[in-house]
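Here's the structure we're looking at; comments come further down.
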Amino acid sequence: MLVTITAKIRIRPTSEQQALLDATLDAYRQACNHVAQYVQKSHDTVQKNVHQANYAMLRSDYRLPSQMACSVTKTVLAKYKALKTTGVNKPTGKWTRPDFRKPQLDLCYNRDYTLRKNVFSVNTLQGRIKVAYFDTTMEQYLNGTHKLGTAKLVSKHGKYFLHIPVTIDVAELKDTNVTHVVGIDRGINFLTATYDSHGKSGFVSGKKIKSKRAHYKNLRKRLQKKGTASARRRLKKIGNRENRWMQDINHCIAKALVTNNPQGTMFVLEDLTGIRNATEKVRVRDRYVMVSWAHYDLEQKLTYKAQLHGQKVVKVDPAYTSQQCPKCGHTERANRNKRLHLFTCKNCHYRSNDDRVAAMNLYRKGINMLVPSDTVETEHDSVSQGAVNRP
Ligand SMILES: [Zn+2]
């Protein structure tokens, strides 16, 4: 199974190297805008055509090395494609031209750049340079067994960062090798509530997140009221900052889950593709969007981190996860008191925190997945059709 991660490293160019990199980044950025203008006019998004129409110009006017000139076309067309999928550019509607404002450079492995221990070798407008970097985590990917992809060089406030996709071949965890199961309920009150094979529960509080989200929400409201161009710009900035902040939190949660559980762990999440469950948990409309996005982000981060650690993530049907009693199986909406965050079984009177109960149910659903299918079916038959089958 192939897993692609993005390694991020900071490179340390000397001041002369900085000048060279800046010139190359800027030429690439301007070249992207030039080609975007061409696509905007011609409405031609066939890579071969765009390449043929612009290649000579990119080489002479922007003095880009051959491979970079090819990459410009790819970068621009990828941006158009992204605008189309996100709905900004609908197939039949108007075309919005992407604006390349930030310094960036796409680098093809082996052609534009190579990476050795502590040395990043990169092509510039004036030939190859060797830039130092210090990053011990990168070393594990440089033993020749991993494939490095097209890297992105970006500069921010005078610092230079390299984002490198690394494709790693990992062994898939088979059901028969699962030794530990963790049910994970994602929510608002607790970002995650977990329940595992040792009967251990864990919670990550959502309190701080809640208040920070409220802060962002107020800020957004004020700016929306203002409605000026600068307010709109700030709105966008705030949105990006909020996303990055949430992504950081998810990264930490996923990392903790993966490192605190052994190899052979199967994490069980609710399948949130059908959104009913997410809406059940949140009332405010705009907050719901943020929450489901954050849940999806956590799921993705946990999935690839787990795969790298000999673990895996499975998703199960969320039906009745919060209404079913984990002790006696009695299912009733009234079992759960959402306001008090309390689960009380109407049948056996088992009581616990409602999110913990959801995690317990997810855990059990995960265990059921590991039981050979004929056993599960028999069990299912005896419950739902027992009365019919019995003479
Ligand atoms: Zn019960």
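The values are calculated or read from the model by the stated rules, or taken from the named source; none is laboratory data. Being a predicted model, the structure only gives us computed values, none of them experimental. Glycine also receives a Cβ, built like all others from the backbone with ideal geometry; neighbour counts cover every protein chain displayed. Accessible surface areas use protein heavy atoms only, side chains included; no ligands, DNA or RNA. Shrake-Rupley method; radii C 1.70, N 1.55, O 1.52, S 1.80 Å.
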task: Please give the peptides 338-349, 65-76 ranked by average Cβ packing (other Cβ atoms within 10 Å per residue), highest first, as a rough proxy for protection.
output: 65-76, 338-349
message: Could you work out the relative contact order of the chain? I mean the mean sequence separation of Cα pairs under 8 Å and 6+ apart, divided by the number of residues, in percent.
response: 16 percent
- request: For each pair in Lys130/Lys236; Lys117/Lys152; Lys152/Lys207, compute the distance between the two Cα atoms and list the pairs where it is over 25 Å.
  value: Lys130/Lys236; Lys152/Lys207
message: Sort 250-263, 225-238 by packing, meaning the average of other beta carbons within 10 Å per residue, with the highest value first.
response: 250-263, 225-238
- request: Work out from phi, with θ = phi - 60° and the Karplus expression 6.51 cos²θ - 1.76 cosθ + 1.60, the ³J(HN,Hα) of each residue of the range 46-52, listed in order in whole Hz, and give x for Gly and Pro.
  value: 7, 3, 4, 5, 4, 4, 4
query: Stretch Gln40-Asn218 to full length: gain in nm at 0.36 nm per residue minus the Cα-Cα span?
result: 60.3 nm
- prompt: Karplus couplings for the range 228-241 from phi (6.51 cos²θ - 1.76 cosθ + 1.60, θ = phi - 60°), rounded to Hz, Gly and Pro as x?
  reply: 6, 4, 5, 5, 5, 4, 5, 4, 5, 4, 4, x, 5, 5
task: Could you tell me which of the pairs Lys84/Lys315; Lys74/Lys147; Lys174/Lys315 are separated by over 26 angstrom between their Cα atoms in the structure shown?
output: Lys84/Lys315
- prompt: Per residue, how much accessible area does the range 21-102 have with a 1.4 Å probe, in Å²?
  reply: 56 Å²
field: In Hz, Karplus ³J(HN,Hα) per residue of the range 127-142 (6.51, -1.76, 1.60; θ = phi - 60°; x = Gly, Pro)
entry: x, 7, 10, 10, 10, 7, 8, 10, 7, 6, 5, 6, 3, 4, 8, 9
query: Quick one: which of 16-29, 170-183 comes out on top by average Cβ neighbours within 10 Å, and what's the full order, highest first?
result: 16-29, 170-183
query: Given the rule -39500 (n - 2.57) for each run of at least 4 DSSP H residues, summed and divided by the residues of the chain, what is its mean residue ellipticity at 222 nm, to the nearest 500 deg cm²/dmol?
result: -15500 deg cm²/dmol
statement: Rounded to 0.05, the calculated FRET efficiency for the beta carbons of Phe134 and Lys48 at R₀ = 51 Å is 0.80
Local electrostatic count at Trp245 - Lys and Arg +1, Asp and Glu -1, tallied over other residues with Cβ under 12 Å: +2
For Tyr160, residues with placed amide H under 5 Å, excluding near neighbours: Ile11
message: If you take every residue apart from Asp106 with its C-beta less than 10 Å away from the C-beta of Asp106, what net charge results, scoring Lys and Arg +1 and Asp and Glu -1?
response: +1
statement: With the range 2-169 reduced to its Cα atoms and the Debye formula applied, log10 I(q)/I(0) at q = 0.15, 0.18 1/Å amounts to -0.86, -1.14
message: Per 0.36 nm of contour for each residue apart, how much would the distance between Lys94 and Lys174 grow if the chain were fully extended, relative to their Cα-Cα spacing?
response: 24.0 nm
- prompt: Rounded to a whole number, what % of the accessible area of the chain do carbon and sulfur atoms account for, probe 1.4 Å?
  reply: 51 percent
- request: Starting from 0 in steps of 10 Å, tell me what percent of the Cα-Cα pairs of the range 98-255 lands in each bin.
  value: 8, 22, 23, 26, 18, 3, 0
- prompt: Relative to the longest principal Cα axis of the chain, at what angle does helix 285-308 sit, 0 to 90 degrees, rounded to 10?
  reply: 80 degrees
message: Below 8 Å, C-alpha to C-alpha, sequence gap of six or more: please give me the relative contact order for the range 6-103 in percent.
response: 35 percent
- request: Name the long-range amide H neighbours of Ser197: under 5 Å, sequence gap of 5 or more, or other chain; modelled H, no Pro or chain starts.
  value: Val181
- prompt: Taking only the alpha-carbon positions of the chain and ignoring solvent, what does the Debye formula give for the base-10 log of I(q)/I(0) at q = 0.07, 0.08, 0.10, 0.11 Å⁻¹?
  reply: -0.46, -0.59, -0.87, -0.99
- request: Pop out the Kirkwood hydrodynamic radius of the range 167-272 from its pairwise C-alpha distances, inverse of mean 1/r, in Å to one decimal.
  value: 16.6 Å
